[in-house]
Amino acid sequence: MDQTTRATRFLAADEGAIQEAAKILREGGLVSFPTETVYGLGADATSGEAVAKIYEAKQRPAFNPLIAHVPAMQEGLALGQFNAHARKLAEAFWPGALTLVVPVSSDCPVSLLARAGHDTIAVRVPDHPVALALLRRAGLPVAAPSANVSGTVSPTTAQHVADGLSGRIDVILDGGACSVGVESTIIACLGPQPVLLRPGGIPVADIEQILGLTVRRSHEGQDAPALASAQTKQAPGLLAPGMLASHYAPRANVRLQAVEAYPNEAILDFAASLAAYATTSPAYFDLSPNGDLRQAAANLFSFLRQADAAGVSTIAIAPVPSAGLGEAINDRLARAAADP
Ligand code: TXA
Ligand code: MG
């Protein structure tokens with residue numbers, strides 16, 4: 001099955017089109033929609049398989065955590081643990097071009113794939129009538145990176161989106177040009193001092209004025225999730241147990257490209273290639289018994305955690321093809337193997 005070719009409908013964002021787009025989101029499809037910053041490429045954040053389609057369409061070689069878009073503060077507060085700084089900023093700037101990274105709430109419905117395995121979540125309420133109407137109608141948190149192919153500039157018109165993603169997504173909602181034109185400012189509120197992870201549409205000076213303190217700048221080029229993780233480690237006292245490592249790395253050793261398994265190893269299989277060892281293994285999971293990479297991506301982070309939870313010293317991982325989404329899956333597996 002070719003998972004990347006689909007007929008893309010280009011719709012003027014009127015009430016009927018928004019309703020139709022919301023239905024497509026609820027059914028697991030991909031919808032590009034305008035926000036005040038840039039056009040987003042949205043999918044149901046609670047569905048790993050829907051989120052896998054985003055990475056597929058963007059041809060992203062690695063899993064980046066995605067921003068969960070919600071229609072109002074109330075829905076945002078349900079996804080994460082907002083400390084006093086985060087609440088203040090949400091009250092001052094939402095809806096608006098500010099994304100807040102906070103620890104996930106214990107019952108956060110956003111899929112592990114949308115969070116790229118992190119225990120933190122990025123949340124934003126966009127300030128655009130089409131985006132807000134779509135989010136309200138969808139009734140789901142919507143994971144949405146900028147609607148461009150990986151490595152190209154962010155789109156600020158529906159035509160930019162069509163130029164890059166036509167034939168790869170279900171709907172483009174045309175709501176005109178984006179007024180801000182740069183992505184949202186991202187602030188991590190994980191410890192006592194907020195940290196700027198990405199400068200963007202809301203000036204940092206405005207944020208500092210609301211907080212009455214200086215926001216720490218991350219260093220140029222530093223990977224945002226890693227930075228958030230480092231900050232979490234600096235302020236462990238303020239965070240719930242389990243929040244310490246914002247980026248999940250298995251405790252067990254990871255053995256890649258396994259073509260056989262030892263009896264004491266947990267197994268992370270693909271396409272049943274290690275099925276012969278299932279009964280002798282203390283924990284056996286198949287990312288996708290019929291070899292579907294989208295399903296494998298959706299299962300990746302949760303199965304890695306479950307295999308690790310078996311308390312084994314090694315997880316044997318079957319080879320995963322490197323085409324399409326396989327590249328990002330293999331990237332994550334290589335990181336799991338490299339973590340000390
Ligand atoms: O203006 C915007 O923010 C647009 C519109 C569509 O809302 N979205 C956007 O998404 O720019 P994206 O995926 O292109 O950039 C999101 C950034 C990435 O750099 C990602 O690493 C960071 O947010 N991010 C997401 N979740 C994070 C987390 N849990 N911790 C740290 N950084 C995170
Ligand atoms: Mg982007």
Over the chain, the sum of -39500 (n - 2.57) across DSSP H runs of at least four, divided by residue number and rounded to 500 deg cm²/dmol, gives at 222 nm -9000 deg cm²/dmol
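Ignoring ligands, DNA and RNA, what accessible area per residue does the chain give at 1.4 Å, in Å²?
Per-residue accessible area for the chain comes out at 41 Å².
On average, how much area does the Cα convex hull of the chain cover when viewed from any direction, in nm²?
The number I arrive at for the chain is 16.4 nm².
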Only Cα pairs under 8 Å and at least 6 apart count here; give the relative contact order of segment 71-163 as a rounded whole percent.
28 percent
Taking the DSSP beta bridges in the chain as the whole, what percent of them are antiparallel, to the nearest 5?
40 percent
Ignoring everything but the protein chains, give the 1.4 Å probe accessible area of residue 262 in square angstrom, nearest 10.
110 Å²
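Applying a 10 Å radius around every beta-carbon, put 15-21, 133-139 in order of their mean neighbour count, most first.
Output ranking for 15-21, 133-139: 133-139, 15-21.
Tell me the carbon and sulfur percent of the accessible area for the chain, rounded to whole percent, probe radius 1.4 Å.
52 percent
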Partner aspartates and glutamates for residue 23 [C-alpha distance under 15 Å; skip if fewer than 8 residues away on the same chain]
14, 15, 44, 170
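The values are calculated or read from the model by the stated rules, or taken from the named source; none is laboratory data. What you are looking at is a predicted structure, and each value in this text was computed from that prediction instead of being measured. All Cβ positions, glycine included, derive from the backbone under ideal geometry; neighbour counts span all protein chains shown. Note: areas computed on protein heavy atoms with side chains; ligands, DNA, RNA excluded. Shrake-Rupley method; radii C 1.70, N 1.55, O 1.52, S 1.80 Å.
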